[in-house]
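Novice: One structure, pasted below without further comment.
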Amino acid sequence: MTATTPSPIAAPAPKPSLVGLGRAELKAAFAALGVPERELNMRAGQLWHWLYFHGATDFSVMTTIGKELRARLADAYSLARPAVAAEQVSQDGTRKWLLRLSSTGPHDRGAEIECVYIPEVDRGTLCISSQVGCTLTCTFCHTGTQKLVRNLSAAEIVAQVIVARDRLGDWPGAAPPDGAFVPSDGGRFVTNIVLMGMGEPLYNFDNVKAAMDVVTDGEGLSVGRRRITLSTSGVVPMIERAGEEIGAMLAISLHATRDELRDTLVPLNKKYPIATLLDACRNYPGVSNAKRITFEYVMLKGVNDSPRDARELVRLLKGIPAKINLIPFNPWPGTKYECSDWETIEQFSEIVFKAGYASPVRTPRGRDILAACGQLKSETEKLRARARMMLESGIGAEGIYAVADG
Ligand code: SF4
């Protein structure tokens, strides 16, 4: 008797997910099933409602869509979200999720990104990523130590909001996990979004814009544009477009008041120096006292924290409707920086406060789970070391402190 080796059976390709798609793409998905052109708007609207108002995870619940069409949808598509590879909950209620994205090809094991939820009594802020890794190399930022893997698609950006709402029970009829800290004002649990996770959002402009169109749509996720803050390290040529086409609140990773120092901390400064950046801020569409620009300033011991720096900061921002967030640096393994002493931060803050900027120091959140500023480092490059990384190291983004007001 001779043994035969069974021929390997290729695993079926996963069905494309509809989660995170925009209206035009949903229409295309129906068109591909042979739904007539005249029905496409209506069908896409129905699906939209189930996806983004109800958070449906199964086609079978979509009762406004006929049974036969639901079955065809389920045959061709899925409602899969990025997988939650790990979840950590801080003592202060901050939650951090490590999300594994679907593979994009045979050599992609599925990139991983981080997403952080910061609850307060009257709001819940979700910090999301726009890229896997980052091309920029801000020296105080842990993400800056990881190479850019790729831009996130618009759907992957939206999916972060969907997963957060799934995990928080933030859909009609759902409930939060036992003991979870969520806003208690009777409203939504995810009220604000900050694009401050991994990556430079203005280097992935089209996808960020398309994603924010989905997230702000009043018939679905319905997050107001003023409750979205886009944080940039200063991609000057894109700032005006961001204001006009995305219309979010703007945050600038400033961190220094002299070009010489900012060139080191935020190397993009060599291309777009402080004066050019601040000009772009002055001209940011819609900027006003009701729509102030947030300037993020990480406090680095002996580097940028002198009273002179504080006075220079105030001088530079004169005339720009601004908020200043002083961010106590949260060290990560391997960094050469230390956090400024508390006294120094207070002194700095006092100068800024006297110049008319209220409450400038942000309390670090999620320190026990390393979810704070500059610490959202994706483990894409270190998959095998995940368990250790989750506990000992950080995961890299630039700031979850600058929680948008309003
Ligand atoms: S601070 Fe932002 S732009 Fe700079 S390296 Fe980190 S993620 Fe990239």
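Novice: Identify the single condition in (1) closer than 24 Å to Trp97 by Cβ; (2) within 17 Å of the chain's Cα centre (by Cα); (3) open to solvent by 50 Å² or more (accessible area, probe 1.4 Å) that Met212 does not satisfy, given that it satisfies every other one.
Specialist: Only one criterion in (1) closer than 24 Å to Trp97 by Cβ; (2) within 17 Å of the chain's Cα centre (by Cα); (3) open to solvent by 50 Å² or more (accessible area, probe 1.4 Å) is unmet by Met212, namely (3).
Novice: Kindly indicate which of Ala358, Ala404 is away from the ligand (no atom under 15 Å from the Cβ), over 24 Å from the mean Cα position of the chain (by Cα) and modelled with pLDDT under 90. Spell out the reasoning first.
Specialist: Details: Ala404 fails: over 24 Å from the mean Cα position of the chain (by Cα).
Only one candidate qualifies: Ala358.
Novice: Here is a list of conditions, (1) away from the ligand (no atom under 16 Å from the Cβ); (2) surrounded by fewer than 21 Cβ atoms within 10 Å (Cβ to Cβ); (3) aromatic (Phe, Trp, Tyr), and Phe189 meets all of them except one; can you say which number that is?
Specialist: Unmet for Phe189, out of (1) away from the ligand (no atom under 16 Å from the Cβ); (2) surrounded by fewer than 21 Cβ atoms within 10 Å (Cβ to Cβ); (3) aromatic (Phe, Trp, Tyr): (2).
Novice: (1) within 16 Å of the ligand (Cβ to nearest atom); (2) open to solvent by less than 40 Å² (accessible area, probe 1.4 Å); (3) touching a residue at least 60 places away in the same chain (Cβ under 8 Å); (4) not polar (S, T, N, Q): which one isn't true of Val149, the others all being true?
Specialist: Going through (1) within 16 Å of the ligand (Cβ to nearest atom); (2) open to solvent by less than 40 Å² (accessible area, probe 1.4 Å); (3) touching a residue at least 60 places away in the same chain (Cβ under 8 Å); (4) not polar (S, T, N, Q) one by one, Val149 breaks only (2).
Novice: What pairs come up if the first residue lies in segment 266-284 and is under 13 Å from Ala256 (Cα atoms), the second is away from the ligand (no atom under 16 Å from the Cβ) and outside any helix (DSSP H, G or I), and their beta carbons are under 8 Å apart, counting only those six or more places apart or on different chains?
Specialist: That search, which allows pairs on different chains as well, returns Ile274/Thr257; Ile274/Arg258; Leu278/Ile320.
Novice: Sticking with this structure for a sec: Kindly evaluate Arg227 against the criterion of being among the basic types (Lys, Arg) and either open to solvent by 20 Å² or more (accessible area, probe 1.4 Å) or in contact with a Phe, Trp or Tyr (Cβ under 6 Å, 6 or more places away or on another chain) (or both). Give the derivation first.
Specialist: Values: among the basic types (Lys, Arg): yes; either open to solvent by 20 Å² or more (accessible area, probe 1.4 Å) or in contact with a Phe, Trp or Tyr (Cβ under 6 Å, 6 or more places away or on another chain) (or both): yes.
For Arg227, the condition - among the basic types (Lys, Arg) and either open to solvent by 20 Å² or more (accessible area, probe 1.4 Å) or in contact with a Phe, Trp or Tyr (Cβ under 6 Å, 6 or more places away or on another chain) (or both) - is met.
Novice: Going through segment 235-279 one residue at a time, which ones are more than 16 Å from the ligand (Cβ to nearest atom), part of a helix (DSSP H, G or I) and within 24 Å of Thr216 (Cβ to Cβ)?
Specialist: Glu240, Arg241, Gly243, Glu244, Glu245, Ile246
Novice: Can you tell me how many residues in segment 206-226 are away from the ligand (no atom under 14 Å from the Cβ), in a helix (DSSP H, G or I) and either free of Cβ contacts under 8 Å to residues at least 40 places away in the same chain or under 17 Å from Ser153 (Cβ atoms) (or both)?
Specialist: If we filter segment 206-226 for residues that are away from the ligand (no atom under 14 Å from the Cβ), which is where we start, we get 206-207, 209-226.
Cutting the leftovers down to in a helix (DSSP H, G or I) gives us 206-207, 209-216, 225-226.
Now drop any that are not either free of Cβ contacts under 8 Å to residues at least 40 places away in the same chain or under 17 Å from Ser153 (Cβ atoms) (or both), which leaves 206-207, 209-216, 225.
The number of residues fulfilling the criteria is 11.
Novice: Could you check, for segment 283-303, whether at least one of its residues is assigned to a helix (DSSP H, G or I) and either open to solvent by 60 Å² or more (accessible area, probe 1.4 Å) or modelled with pLDDT under 95 (or both)?
Specialist: So in segment 283-303, the residues assigned to a helix (DSSP H, G or I) come out as none.
No; the residues of segment 283-303 include none that is assigned to a helix (DSSP H, G or I) and either open to solvent by 60 Å² or more (accessible area, probe 1.4 Å) or modelled with pLDDT under 95 (or both).
Novice: Now a separate question. For segment 111-126, indicate whether the set of residues that are small (Gly, Ala, Ser), assigned to a helix (DSSP H, G or I) and open to solvent by less than 70 Å² (accessible area, probe 1.4 Å) is non-empty.
Specialist: Keep residues of segment 111-126 that are small (Gly, Ala, Ser), which gives 111, 124.
The next check asks that each one be assigned to a helix (DSSP H, G or I); those that pass are none.
No, segment 111-126 contains no residue that is small (Gly, Ala, Ser), assigned to a helix (DSSP H, G or I) and open to solvent by less than 70 Å² (accessible area, probe 1.4 Å).
The values are calculated or read from the model by the stated rules, or taken from the named source; none is laboratory data. Just so it is clear, the model here is predicted, and its values are computed rather than measured. No Cβ is skipped: glycine too gets one built from the backbone with ideal geometry, and neighbour counts run over all protein chains shown. Just the protein is used for accessible areas: all its heavy atoms, side chains included, with ligands, DNA and RNA removed. Shrake-Rupley method; radii C 1.70, N 1.55, O 1.52, S 1.80 Å.
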